[in-house]
Amino acid sequence: MRKEDQDMPGQNREEFRHRDSHRQGGHHGRRLEEHHGGREGGKMAQTFRRGRALSFLDHLYVKRDTLKKQVNDPDFQAIKDVVSGELKAVDQIIHEYIQAFELYDTKQPSDSR
């Protein structure tokens, strides 16, 4: 038994253990709803993550468009095969990303594909 527990004969020992664990890495002032996802906290986090996924998908579309321009650019003729391979790889990544994050309802840029 800890010395603190012995010094508090009239107090509920469980209450003090809970207080101690709270000080040593507990919830740190977060409300119960926030810690366990909450009613709206989970929805906000899901929306935030979806927003980040869509942002990265836009980044992939930009990369693909850049590679398309490079494939047709005479300045890149010497490495056309490499650029073409990268373009195919990015197209595959986009396809897998859309499936993995279930982003089927997103609109692709009009000049893509």
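The values are calculated or read from the model by the stated rules, or taken from the named source; none is laboratory data. Just so it is clear, the structure is predicted and the values come from calculations on it, not from any experiment. No Cβ is skipped: glycine too gets one built from the backbone with ideal geometry, and neighbour counts run over all protein chains shown.
Structure notes:
- Pairs where the first residue, in region 65-92, is of a type in the set (D, E, K, R) and the second is assigned to a helix (DSSP H, G or I) and at pLDDT 95 or above, C-beta under 7 Å, 6+ apart: LYS68/LEU87; LYS80/VAL71; GLU86/LEU67; ASP91/ARG64
- Whichever residue in region 64-111 is within 23 Å of ARG49 (Cα to Cα) and of a type in the set (S, T, N, Q) and, among such residues, is modelled with the lowest pLDDT: THR106
- Members of region 46-104 that are surrounded by 11 or more Cβ atoms within 10 Å (Cβ to Cβ) and small (Gly, Ala, Ser): ALA53, SER84, GLY85, ALA89
- A Cβ distance below 6 Å, combined with a sequence gap of six or more or placement on separate chains, defines the contacts here; from region 42-58, residues that are assigned to a helix (DSSP H, G or I) reach residues that are surrounded by 11 or more Cβ atoms within 10 Å (Cβ to Cβ) and not small (Gly, Ala, Ser) in the pairs ALA53/PHE101.
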